[in-house]
1. Looking at (1) surrounded by fewer than 17 Cβ atoms within 10 Å (Cβ to Cβ); (2) over 16 Å from residue 3 (Cα atoms); (3) more than 12 Å from the chain's Cα centre (by Cα); (4) modelled with pLDDT of 95 or more, which one does residue 42 not meet, given that it meets all the others?
2. With under 12 Å from the mean Cα position of the chain (by Cα), closer than 15 Å to residue 3 by Cα, modelled with pLDDT of 95 or more and in a helix (DSSP H, G or I) as the only criterion, which of 93, 82 stands out?
3. Given the criterion over 19 Å from residue 3 (Cβ atoms), surrounded by 14 or more Cβ atoms within 10 Å (Cβ to Cβ) and within 12 Å of the chain's Cα centre (by Cα), identify the matching residue among 24, 51.
4. Does any residue of segment 21-32 turn out to be assigned to a helix (DSSP H, G or I) and over 15 Å from residue 90 (Cβ atoms)?
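The values are calculated or read from the model by the stated rules, or taken from the named source; none is laboratory data. Note that the structure is a prediction, hence the values are computed from the model and not measured. Counting neighbours? That spans all protein chains shown, and the Cβs are built from the backbone with ideal geometry, glycine included.
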């Protein structure tokens, strides 16, 4: 399985494979039809408290990752549900943030890769 990340506001591509939104809130101003999301995995999104604390401040990235991984580790049901929706081919984790490198999708991809759930 291959896991990629993309902003949900970018036009969907055939190469996206399975499109999985991993934000807790639906992206502002985007219709469900335009987003073409196959699964909304809000249960594995960072908690509201963590998201508000982080605010996409690069200096907080390492601590954000540590806290988010801890949240994921204590959420086996949410991870199991996500795994049920991951396809064998390409999976694209979608995020709304303008920060394209240091975001929850990048962290979740790293978490899944380290757990052996991706190429």
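1. (3)
2. From the options 93, 82, the qualifying one is 82.
3. 24
4. yes
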